[in-house]
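As structure tokens, the structure follows; a few thoughts come after it.
The values are calculated or read from the model by the stated rules, or taken from the named source; none is laboratory data. Just so it is clear, the model here is predicted, and its values are computed rather than measured. Virtual Cβ from ideal backbone geometry, glycine too; neighbours counted across all protein chains shown. For accessibility, only protein heavy atoms count, side chains too; no ligands or nucleic acids. Shrake-Rupley method; radii C 1.70, N 1.55, O 1.52, S 1.80 Å.
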Amino acid sequence: MITPALMASLHHLLFFIIIASLVAELILLARPIDAALAKRLARIDMHYGISAMAVLAVGFMRVFMYEKGEAFYFGNAFFHLKIGIFAVVGIASIYPTVLLMRWYRAFRSGQTPDTRRAPLLRKLVIVELVGVGLMLVCAALMARGVGMFR
Ligand code: HEM
């Protein structure tokens, strides 16, 4: 019985890191971006990316191996909504990742990049945070069998 509990704990820890990373990006992107801040943002974004990949892997392991079985989740509307929102959050995270890496590399090679798109990145981070919030609601409903359609 320890493995399902470990997987559930890991699942919660990973989306905790995701939420903490997004909140940190939201706060730091409001400041003037210099070389040190660009490096910090790139590192936070890397942790976010790794945690998102890991939460996906752990999530599917829970679907197929450690929880109620795939028939339950594939027959639940909130599971599909949760995964759909996860995909939208993933797409919204691409442009910030590209720009944060570009800024970090520019500063590292001694250039001063144009960081005027920081307010736009903040808006995308807010979209991602709202998405993760909705996933928390979907998860609670899904886990209790609300939204079964077969
Ligand atoms: C940022 C992404 C995610 C967040 C915030 C999240 C959130 C949660 C939460 C809060 C729970 C506990 C629900 C409860 O017991 O009340 C949960 C359970 C679960 N999640 Fe996720 N999750 C995420 C990604 C995923 C992904 C990508 C998958 C599948 C591919 C997944 C599959 C599951 C499964 C199978 C459970 C167990 C539900 C049950 O107890 O029957 N999650 N998730």
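Some points to look at:
- Options Leu13, Leu81, Leu22; residue that is touching a Cys at 6+ places or on another chain (Cβ under 7 Å) and within 13 Å of the ligand (Cβ to nearest atom): Leu81
- Some residue of segment 119-134 being over 22 Å from Phe60 (Cα atoms), part of a helix (DSSP H, G or I) and open to solvent by less than 30 Å² (accessible area, probe 1.4 Å): yes
- Residue match in segment 79-95 (condition: open to solvent by less than 50 Å² (accessible area, probe 1.4 Å), small (Gly, Ala, Ser) and farther than 28 Å from Thr3 by Cα): yes
- Search result, residues across segment 103-118 that are surrounded by fewer than 13 Cβ atoms within 10 Å (Cβ to Cβ) and touching a residue at least 24 places away in the same chain (Cβ under 8 Å): Arg108
- Being among the hydroxyl-bearing types (Ser, Thr, Tyr), buried (at least 16 other Cβ atoms within 10 Å of the Cβ) and within 25 Å of Leu124 (Cβ to Cβ) is a description that applies to Tyr48.
- Any hit, segment 138-149, residues being under 17 Å from the mean Cα position of the chain (by Cα), open to solvent by less than 30 Å² (accessible area, probe 1.4 Å) and more than 9 Å from the ligand (Cβ to nearest atom): no
- Counted residues, segment 30-67 - those being within 13 Å of the ligand (Cβ to nearest atom) and in a loop (DSSP other than H, G, I, E, B): 1
For every residue, the table says whether it meets (1) at pLDDT below 95; (2) out of contact with any Gly (no Cβ under 7 Å at 6 or more places or on another chain); (3) within 9 Å of the ligand (Cβ to nearest atom); (4) of a type in the set (D, E, K, R).
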| residue | (1), (2), (3), (4) |
| --- | --- |
| Tyr73 | no, yes, yes, no |
| Val89 | no, no, yes, no |
| Thr97 | no, no, no, no |
| Phe107 | no, yes, no, no |
| Gln111 | no, yes, no, no |
| Arg116 | no, yes, no, yes |
| Leu124 | no, yes, no, no |
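- Any hit, segment 6-23, residues being under 20 Å from Arg144 (Cα atoms), touching a residue at least 40 places away in the same chain (Cβ under 8 Å) and touching a Leu at 6+ places or on another chain (Cβ under 6 Å): no
- Glu25 being open to solvent by 60 Å² or more (accessible area, probe 1.4 Å) and either out of contact with any strand residue (DSSP E or B) (no Cβ under 6 Å at 6 or more places or on another chain) or within 17 Å of Ala92 (Cβ to Cβ) (or both): no
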